[in-house]
Structure formats: C-alpha cells, structure tokens
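Heads up, the thing below is written out as structure tokens.
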Amino acid sequence: MDEKTKVSPGYVDSLWRFLVSLKLTVVVLLCLAALSIIGTVIPQNGPSQAYIQEYGPFSYQVFALLDIVDMYHSWWFVGLLLVLVVNIIACSIDRLQTTWKVIFDRAPRFELSQYRNRNNRIDVKVQPPASQLKALFERWLCRRFRYCKVVSTDKGFAVTAERGRWTRLGVYAVHLSIVVLLLGGLVGSKFGFDGFVKIPEGESADTITLNSSGRLFKLPFTIRCEDFTVQFYEGGQRPKEFRSSLIITENGREMLRKQIVVNDPLYYKGIGVYQSSYERLESTAKDVPEKLSADAPIELTFQSVESGIIYTRTATIGQPVQIPEGLGVLTLERFEPEAKFQSMSLGPALLGKLVSPEGEVQTITLPLRFAKFDAMRRGKVIIAAAAQNAAPAKERYATGLQVVYDPGVWVVYAGFILMILGCVVVFFMSHQQVVVEVTGEEKATRIMVAGKSNKNRVGFQFTLQRMAKHLAQLAEGDAKKA
Amino acid sequence: MVDNSLILSIVTFIYGLAGVLYLISWIFRKEMPGRLATRISWVALAGNTIGILLRWVQSYRMGSEYGHAPFSNMYESLVFFAWTIGVIYIVVERRYKTRTLGAIAAPLACLALAYASLEPSSAIEPLIPALKSNWLIAHVITCFLGYAAFAVAFAVSILYLVKSKEELKAEGGGLIHIPPSELLDELTHQLVMFGFLFLTVGIITGAVWAKQAWTRYWSWDPKETWSLITWLIYAALLHFRMMRGWRGRRIAILSILGFLAVLFTYFGVNYFLSGLHSYGAFSQ
C-alpha cells in the first residue's frame with residue numbers, strides 16, 4: 001500500500017496485527033478458563049505415590065511430563081499468561097495513540113450539523129427569546145461539564161459541552177492492573193519464600209523447611225514459642241481458637257512479643273509468621289504433672305473393701321486425712337516424680353503414711369498413673385490419688401507456623417486497587433459530548449438537546465431527556481421571574 | 001421469639017407465590033397479577049431481610065461465642081443469595097419498568113431458599129478460627145451481589161432466547177409478552193457489568209483475606225480457581241460485546257454459560273472438589 005509496508009517485512013506487520021487482535025484475547029481468556037479446570041480436578045503438588053495409586057503409573061508419567069501435577073506453574077500455563085500480557089501491552093500501545101489525542105485535545109471540534117441530524121436529539125419549545133437564555137444556559141451547562149463553549153448561530157446560539165474525557169483511560173487501567181498483578185506474583189515467587197516450622201512449647205527455632213523444595217532455610221531471627229493453646233467450643237468438636245505466644249529474638253535480644261491466632265499473624269521485618277497447625281507432643285508423663293507444688297490439692301479416693309463404697313477427699317501434702325468408716329488416717333508426705341517399686345518404674349507418685357485404727361504405721365505409694373496399685377497391699381481400704389483433677393495436667397503442644405516473605409504483595413495490592421477503580425470507570429462512566437442549540441423561531445424558541453457518549457447509550461439517553469426537561473423548566477422559570 | 005429459620009421457610013413460599021403471579025401475568029398478559037406480584041415480592045424481600053437480621057441477633061443471644069454475621073455456611077449463604085437476587089430483581093423492575101423477568105427471578109430466589117432448607121445444618125454455629133475476620137462480611141456481600149447479578153442476567157438471557165424463538169415462529173404476534181429484545185440485551189450487559197465488578201471485588205477481598213488467614217493471596221485452591229474461570233468467561237463476554245459489538249443470542253448464550261460457571265463455583269466446588277474453602281480439616 002504505502003512506504004511503510006515496503007519498509008517493514010510483511011510478517012512483522014501481520015505478527016503485530018495478530019498480537020493486537022481481539023481474537024487472540026478471547027482465545028487466551030477462554031483457554032486459561034478451560035485449562036484451569038484441570039488443576040481443580042487433579043490435585044496439585046501431591047506426593048507422586050498418591051498419583052500412581054489414583055491414576056496408575058502411565059498416567060502419572062504423562063502428568064509429570066506435562067507438568068500437570070503443578071500445572072499453574074507449568075511452562076504452558078505461564079506461557080499462556082505471558083501471551084496475555086503481550087496481547088494486553090500490544091493492544092494498549094495500539095489504541096492509546098488515538099485515545100491520547102482525544103483526551104488531550106485542547107479545542108475539541110463539534111460539528112453542529114452532525115448533532116442536528118442525530119436521531120437521539122430532543123426538541124422542546126419555550127417562550128422566552130433565545131438571547132435571554134444565553135447566559136443562563138451557559139452557566140448551567142458549564143457547571144456540569146468540564147469543557148464548554150458558546151458559539152453563535154444564525155438565529156440564536158449553541159452551547160457545546162463535554163465531560164469525562166479521562167474516563168477513556170479506565171480501560172487501560174484495568175488492563176494495566178492485570179500486568180501489575182502478574183508482575184507482583186512474579187516478584188513474590190522470585191524474591192520471596194515460604195516455609196513451615198514446628199516449634200514445641202518452650203523451645204526456639206530459626207530454620208524453616210521451604211514448602212516448594214523441602215530444603216532448610218535459615219531465618220534472620222529466632223522464633224520462640226512460649227505457649228500454645230487450643231480451644232474448642234462446647235461439644236468439643238468445633239475448634240474455637242489456636243493461639244501461640246511467640247517471641248522474636250535477634251542475636252539473643254528480644255525484638256517482638258506477640259500472641260498470634262489464625263487471621264492475626266505476626267510481621268517482623270516484612271516476614272509474616274502465621275498460625276497454621278499444631279501437634280500434641282508425645283510425652284512420657286501423659287496426663288500427669290511432672291511437678292507438684294507443695295500446696296496443690298490432690299484428689300484421693302478411698303474404697304472400703306468391706307462395704308465397697310468409694311469416698312473422695314481432697315488433701316494437700318502434710319495434711320492428715322481421716323479415712324471414712326474409721327479405717328485410719330492418711331498423711332501424704334511427698335511427691336516423687338520417678339517412683340520405683342521393686343525396681344519397676346511407676347512414674348510420678350505420692351508417698352504417704354497410713355496409720356491404721358490399731359495404730360499400725362504403713363508407708364504407702366500412690367502412683368498417679370496406676371489407680372489400682374494400692375489394691376496389691378491387700379489392706380482394708382484401697383487408696384488412689386488422682387492428680388489430674390487436683391492439678392490439671394498441661395498437655396504439651398508444638399505449634400505449626402507458616403513463615404512467609406512476599407515482597408510482591410504490595411505490587412499485587414496496587415494492582416487490585418487499580419483494577420477496581422478501572423472497572424468502575426469502564427463500566428459506569430463515559431465520555432459525553434452534548435450540544436444544546438437554541439434557535440429563535442417565529443412564535444417560540446426551540447431548544448435542541450443532542451449528544452453522544454462512548455458507552456451506555458441507553459443511560460445517556462435518559463440523561464439527555466432529563467437535561468432537556470430541566471433546561472425547559474429553567475427557561476420558563478426565568479421568563480416568569482422576568 | 002420466632003425462630004429465623006421459620007420466617008425463612010415462610011419467605012420461601014412467598015417468593016414462590018410471587019413467581020407464580022409473575023408467570024400468570026406474563027402468560028395471560030394481565031396487569032393485575034403482575035402488580036400484586038410486585039407487592040408480594042416486596043413482602044418476601046422484607047421477610048428475607050428480617051430473617052437475616054433475626055438470625056444475626058439470635059446468634060448473639062446464644063452467647064458472645066456464637067455471635068457473627070450470618071454468612072458463615074452453606075445455609076446462611078443461600079439465604080443471603082436469595083436476598084441479593086430479590087434486591088437486584090426489584091431494582092431492575094423499578095428501573096426498567098418490566099415485570100416479565102420476575103417469572104424467572106422470583107422462582108430463583110425461592111429455589112435458593114428451598115435448597116437452603118435442605119441443608120443438614122440450619123442451626124447457628126459458632127465461627128471456626130479461619131472465619132473469624134472482618135473480611136468475612138465484605139467478601140461474602142460482594143461475592144453474592146456478583147452472583148445474584150449474574151443470576152438475574154441469566155434470567156434475562158433465558159427470556160431473550162425464548163423471545164427470539166417466539167419471533168422466529170410468529171412475527172410479533174406471539175402468545176407471550178416479553179420486553180423488546182434490545183432492552184433485554186442492554187439489561188444483560190448492564191447486569192453482567194455490575195456482576196463483574198462485584199465478582200472482581202469479591203475475589204480481591206477474598207485474596208486479601210487469604211493473605212491473612214492462609215498466608216497467600218492466591219493458592220490455586222479449587223474455589224479460587226473456579227471463581228477465576230467464571231471471571232474469565234464473563235471477561236470474554238464483555239470483550240465480545242464491547243469490542244466486537246456482539247449482541248443478542250450469542251451474548252445470551254455466553255451469559256448462560258457464565259452462570260453455569262457461577263453455580264459450579266458456588267455448589268460444585270463444595271460437593272465435588274476439596275480444598276481450603278470446604279472448612280473440613282485444618283490444614284496440615
């Protein structure tokens with residue numbers, strides 16, 4: 001056609017046309033939609049054994065070959081996203097040139113005859129002469145439209161007005177936001193990390209296991225878990241809260257102390273520490289305290305061998321207890337964390353002195369873990385000590401924490417804001433041009449309202465109608481006043 | 001105090017009644033049942049609103065542990081879905097002065113509530129840790145405004161297809177009175193734009209929340225992925241319409257396809273796929 005085609009080889013030109021085509025856009029959008037389904041049906045990033053079991057070894061090889069087990073990061077999915085980005089950038093460059101001219105046009109031209117012939121124009125007739133309405137209409141329209149200009153015509157005047165030129169940029173904002181989002185995601189995956197660490201209560205950790213590779217990663221600080229609690233709602237099934245009390249230390253110095261729960265993580269140096277899971281630790285002294293303070297109340301049960309009745313009493317160490325049915329007096333003497341009986345380990349136990357009604361003194365051992373132990377003594381009463389009621393055993397937990405650093409998150413959030421604002425502009429705002437022409441006729445004055453909008457023509461027509469009605473009222477009202 | 005679920009069961013029938021009257025008014029081209037249907041829709045919407053508010057209040061009366069905005073499970077979301085359909089339909093009816101749509105929209109709201117009553121757990125349950133966030137309200141409201149707009153757009157698209165078939169059979173002299181196709185077409189477009197904006201905001205609020213609760217703003221969880229699929233379908237629709245000037249039948253079909261994706265995002269993911277949104281197990 002012209003010189004340009006001769007200069008640039010044909011294929012560059014057709015490549016460009018391909019890149020800016022709408023066909024490419026919708027094909028990519030619909031392909032992304034269709035392919036995304038795969039990853040929702042086939043579980044992602046599972047262990048290879050699970051796939052082999054579920055789909056068989058051959059299918060698994062195919063999956064692995066095509067990256068289906070991690071499809072959202074596969075070369076083909078990322079490639080498709082890249083095509084989308086290129087498409088968006090190309091389209092934006094292609095169209096922005098024209099849009100730019102429209103937006104930064106200092107003196108937009110209004111072809112009056114064009115508006116006079118528009119079939120959406122509205123005509124109303126009023127009494128006052130055109131000359132009287134000029135200042136009035138100019139003031140009213142200029143208040144509502146950013147650009148407005150009055151031109152004289154043969155038998156009157158016309159006000160040309162325009163607003164919302166900048167709204168033509170909305171569509172670029174939406175498209176740019178997608179590029180920003182993907183960029184933010186890229187920044188996060190290139191420069192960020194995320195991993196998991198399990199810390200038992202009272203212990204510290206500074207190394208996490210990366211989720212992606214399983215490798216160990218050393219944090220620039222140490223996390224200490226002071227305490228972990230899990231609470232359930234009544235009924236015991238529904239979890240209510242998972243809470244870890246954490247202390248961040250750096251070079252031995254305490255830098256931050258915070259209790260974290262789900263939805264309220266801790267941030268230190270841009271690194272987030274999230275409550276993720278917990279584990280009950282296997283403890284040798286399950287359900288049983290390792291220590292017992294001197295004044296801790298202990299629940300004692302006495303079973304009378306003769307009557308079979310079980311009595312419960314609460315006592316502390318050193319306090320004599322009268323056994324019912326006149327079976328004697330028991331005095332607990334001390335707590336022994338590792339009691340032994342004939343070289344058999346009994347675990348934590350209470351040692352006491354039993355004085356029978358006859359005055360006979362006997363040393364007895366009450367292991368907290370074996371309630372029936374005292375029956376072996378074959379006395380008239382079987383005594384057991386239940387410690388968990390007196391001093392509830394604190395179960396020991398380890399908290400599971402996700403530690404995440406994502407420097408791209410603010411880029412992504414900026415993209416979110418840009419996308420929302422852009423969508424509002426694209427969907428609900430438009431570039432509107434309006435001509436109000438006032439013509440003096442033989443008996444009356446004719447007001448013509450016509451205009452065009454780049455979007456939402458139906459809604460704009462309502463706007464024009466309201467405007468015509470208002471201008472007519474304004475004209476008549478002014479006439480009455482005069 | 002009357003229980004909220006009793007009120008909501010009654011509201012189900014009121015929506016159903018409104019739907020029947022809209023249908024009668026449409027088929028027999030009578031004004032009277034239509035006007036009555038409008039009034040009944042208002043009653044249903046009011047009842048739906050009261051039901052939601054009452055549930056909210058009742059949850060707090062059961063103890064501060066229980067108190068939460070009623071958006072936390074399938075039952076509560078279905079009730080809210082019915083409400084958003086009701087609101088959007090009534091706004092459209094008033095603005096575009098057409099009642100025909102009610103014959104599809106009101107039954108949709110009725111269906112949502114009827115389906116809610118089939119849910120095994122309509123009891124108020126306290127929130128699990130993952131749901132204890134201020135983002136819950138923003139996320140659910142925006143998502144469901146989007147879903148409901150797509151639902152009403154779906155109703156319009158069905159009408160459009162019925163209309164175009166009718167027009168093929170007998171020019172203009174059909175049995176059924178439907179607003180002009182240009183209006184239906186425009187309405188689909190407006191509703192899809194509205195729905196798209198709210199779906200976008202819904203996905204974004206969900207992402208910001210996920211960053212707080214699950215450490216990542218996007219983890220390709222099935223619910224997230226399906227909401228993206230829905231978003232992509234409607235994005236394609238908007239491009240066809242705005243750039244190619246596609247109108248009518250093809251847009252109607254895309255809008256129906258989009259709504260099927262909405263339904264799968266909403267129900268299908270919960271029943272067929274497992275992920276973070278199922279709230280079954282605590283992760284790891």
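Can you run the Rg to Rh ratio on the stretch A:201-254? Use alpha carbon positions and the Kirkwood inverse-distance Rh.
Values: Rg = 15.0 Å, Rh = 13.2 Å.
Across the stretch A:201-254, the Cα-based Rg/Rh ratio is 1.14.
Please quote Rg/Rh for the stretch A:174-286 to two decimal places, taking the Kirkwood radius as Rh and restricting both calculations to Cα atoms. Present the calculation step by step, with values, prior to reporting the outcome.
Details: Rg = 17.2 Å, Rh = 16.3 Å.
Checking Rg against Rh, the ratio lands at 1.06.
Averaged over A:35-42, how many beta carbons belonging to a partner chain fall within 10 Å of each residue's beta carbon? Could the numbers behind the result be given before it?
Details: counts 1, 8, 6, 1, 3, 15, 3, 0.
Neighbouring Cβ atoms belonging to other protein chains average 5 per residue here.
Given contacts defined as C-alpha pairs under 8 Å and at least six residues apart, what's the relative contact order of the stretch B:1-127, whole-number percent? Could the numbers behind the result be given before it?
Numbers: 175 pairs, mean separation 43.7, N = 127.
Once normalised by length, the contact order is 34 percent.
Ranked by Cβ crowding within 10 angstrom, fewest neighbours first, how are B:203, A:364 ordered? Don't jump to the answer; show the numbers that get you there.
Details: B:203 22, A:364 19.
Least to most surrounded, the residues fall as A:364, B:203.
Taking the Cα centre as origin and putting +1 on Lys and Arg beta-carbons and -1 on Asp and Glu beta-carbons, what dipole magnitude results for the stretch A:28-118, to the nearest 20 debye? Can you show the working numbers first?
Numbers: 6 positive and 6 negative charges, 174 e Å.
So the magnitude is around 840 debye.
Write down the Kirkwood hydrodynamic radius of the stretch B:208-258, to one decimal in angstroms, obtained as one divided by the mean of 1/r over all alpha carbon pairs. Kindly include the intermediate steps, with their values, before the conclusion.
Numbers: mean 1/r = 0.0801 Å⁻¹.
Computed over the stretch B:208-258, the radius equals 12.5 Å.
By per-residue mean of other Cβ atoms within 10 Å, what is the highest-first order of A:297-305, B:73-81, A:352-360, A:240-248? All intermediate terms of the calculation are to be shown ahead of the outcome.
On the way: A:297-305: 17.8, B:73-81: 22.6, A:352-360: 13.7, A:240-248: 19.7.
So the order, starting with the most tightly packed, is B:73-81, A:240-248, A:297-305, A:352-360.
Summarise the partner chain shielding of B:224-236 as one whole number: the mean count of Cβ atoms from other chains within 10 Å of each residue's Cβ. Spell out each step's value before the answer.
On the way: counts 2, 8, 4, 0, 4, 8, 1, 3, 9, 4, 2, 8, 8.
Mean shielding count: 5.
Could you please tell me the mean projected area of the C-alpha convex hull for the stretch B:1-127, averaged over all directions and given in square nanometres to one decimal?
Details: hull surface 29.4 nm².
Approximately 7.3 nm², given one-decimal rounding.
Ignoring everything except DSSP H segments at least 4 long, calculate the 222 nm mean residue ellipticity for chain B; use -39,500 (n - 2.57) per segment, divide by total residues, nearest 500.
Numbers: 9 runs with 207 residues, N = 284.
Theoretical 222 nm ellipticity from helices: -25500 deg cm²/dmol.
Grab the other residues whose beta carbon is less than 9 angstrom from that of residue A:440, score K and R as +1, D and E as -1, and report the net. Let's see the in-between values first.
On the way: positive: A:155, A:446; negative: A:441, A:442.
Within the 9 Å Cβ shell, the charges total 0.
Could you work out the relative contact order of chain A? I mean the mean sequence separation of Cα pairs under 8 Å and 6+ apart, divided by the number of residues, in percent. Could you put the intermediate results ahead of the total?
On the way: 828 pairs, mean separation 94.5, N = 482.
Relative contact order of chain A: 20 percent.
Of A:324, A:362, A:463, which is farthest along the charge dipole of chain A in the positive direction, counting Lys and Arg as +1 and Asp and Glu as -1 at C-beta?
So the residue we want is A:463.
Within a 10 angstrom radius of each residue's Cβ in B:203-210, how many Cβ atoms of other chains show up on average? Whole number is fine.
Working: counts 2, 8, 2, 0, 5, 4, 1, 0.
That works out to 3 on average.
Is it possible to state the helix-based mean residue ellipticity at 222 nm for chain A, with each DSSP H run of 4+ residues giving -39500 (n - 2.57), the sum divided by total residues, to the nearest 500 deg cm²/dmol? What is it? Mind dumping the intermediate values first?
Details: 12 runs with 172 residues, N = 482.
Calculated at 222 nm, the ellipticity per residue is -11500 deg cm²/dmol.
Rounded to two decimals, what is the ratio between the C-alpha radius of gyration of the stretch B:125-164 and 2.2 N^0.38 Å?
1.84
Give me the log10 of I(q) over I(0) for the stretch A:298-389 at q = 0.17, 0.18 Å⁻¹, as the Debye formula computes it from C-alpha points; what are the numbers?
-0.66, -0.74
How much net charge surrounds residue B:212 when only the other residues with a Cβ under 12 Å from the Cβ of residue B:212 are counted, with Lys and Arg +1 and Asp and Glu -1? Could you put the intermediate results ahead of the total?
On the way: positive: B:132, B:211, B:216; negative: A:264.
Neighbour charge sum, excluding residue B:212 itself: +2.
Which order do the peptides A:325-336, B:100-111 come out in when sorted by mean C-beta neighbours inside 10 angstrom, highest first?
Details: A:325-336: 16.9, B:100-111: 24.7.
Order by mean packing, descending: B:100-111, A:325-336.
List the residue ranges in chain B for DSSP H helices whose C-alpha atoms run 18 angstrom or more along the long axis and whose Kyte-Doolittle average is 1.6 or above.
B:4-27, B:102-118, B:248-263
Against the longest principal axis of chain A, how steep is helix A:10-19, in degrees 0 to 90 to the nearest 10, with axes from Cα atoms?
It works out to around 60 degrees.
Using the C-alpha gyration tensor of chain B, what are the square roots of 5 times its eigenvalues, in whole angstrom, with the largest one first? All intermediate terms of the calculation are to be shown ahead of the outcome.
Values: eigenvalues 225, 123, 35 Å².
The three semi-axes for chain B are 34, 25, 13 Å.
Mind scanning A:455/B:97; A:443/B:97; A:134/A:452; B:97/B:165; A:190/A:455 and naming the pairs with a C-alpha gap bigger than 29 Å?
Working: A:455/B:97 22 Å; A:443/B:97 37 Å; A:134/A:452 22 Å; B:97/B:165 23 Å; A:190/A:455 41 Å.
Correct reply: A:443/B:97; A:190/A:455.
So how strong a dipole does chain B carry about its Cα centre when Lys and Arg Cβ are +1 and Asp and Glu Cβ are -1, to the nearest 20 debye? If you can, show how the numbers build up before the last one.
Numbers: 22 positive and 15 negative charges, 130 e Å.
Rounded to the nearest 20 debye, it is 620 debye.
Cross-link candidates for residue A:258: which aspartates and glutamates have Cα within less than 18 Å, leaving aside residues fewer than 8 places away along the same chain?
Hits, sequence-local ones excluded: A:201, A:203, A:206, A:226, A:227, A:241, A:250.
Among B:262, B:235, B:63, which residue has its Cα positioned farthest towards the positive end of the charge dipole of chain B, with +1 placed on the Cβ of Lys and Arg, -1 on the Cβ of Asp and Glu, and the dipole taken about the Cα centre?
So the residue we want is B:235.
Identify all aspartates and glutamates with a Cα-Cα distance to residue A:380 below 15 Å; exclude those on the same chain that are fewer than 8 residues away in sequence.
A:306, A:325, A:358, A:360
Could you work out the pair-distance distribution P(r) of the protein assembly as shown from its alpha-carbon pairs, with 10 angstrom bin width and percents rounded to whole numbers?
2, 10, 15, 17, 17, 13, 9, 6, 4, 3, 2, 1, 0, 0
Once you keep just the Cα pairs under 8 angstrom separated by 6 or more residues, what percentage relative contact order results for chain B? Intermediate values should be presented prior to the final figure.
Working: 381 pairs, mean separation 49.7, N = 284.
18 percent.
Would you mind giving the three semi-axes, in whole Å and largest first, of the ellipsoid equivalent to the stretch A:20-72 according to its Cα gyration tensor? Could you put the intermediate results ahead of the total?
Details: eigenvalues 168, 19, 12 Å².
For the stretch A:20-72, the ellipsoid semi-axes come out as 29, 10, 8 Å.
Taking the highest mean first, how do the peptides B:218-227, B:3-12, B:22-31, A:139-148 order by number of other beta carbon atoms within 10 angstrom per residue? If you can, show how the numbers build up before the last one.
Values: B:218-227: 21.3, B:3-12: 18.9, B:22-31: 16.9, A:139-148: 14.8.
The densest-packed peptide leads the list: B:218-227, B:3-12, B:22-31, A:139-148.
Which of the listed residues, A:71, A:19, A:35, is farthest toward the dipole's positive end in the stretch A:1-108, when Lys, Arg count +1 and Asp, Glu count -1 at the beta-carbon?
Highest projection toward the positive end goes to A:19.
Which Cys residues of chain A have no other Cys beta carbon under 4.7 Å away?
A:31, A:91, A:225, A:423 - these cysteines have no disulfide-compatible partner (Cβ-Cβ under 4.7 Å) in chain A.
Considering the alpha-carbon set of the stretch A:10-103 alone, what are its Rg and its Dmax in angstrom?
According to the Cα coordinates of the stretch A:10-103, Rg and Dmax are 18.7, 62 Å.
How big is the charge dipole of the stretch A:33-189 about its Cα centre, in debye rounded to the nearest 20, if each Lys and Arg gets +1 on its Cβ and each Asp and Glu gets -1 on its Cβ?
On the way: 18 positive and 10 negative charges, 361 e Å.
Magnitude of the dipole: close to 1740 debye.
Read the figures in this text as sums done on the coordinates, not as results from a lab. Computed from a predicted model, the values in this text were never measured in an experiment. Methodologically, a virtual Cβ is constructed for each residue, glycine included, from the backbone with ideal geometry; neighbour enumeration extends over all protein chains shown.
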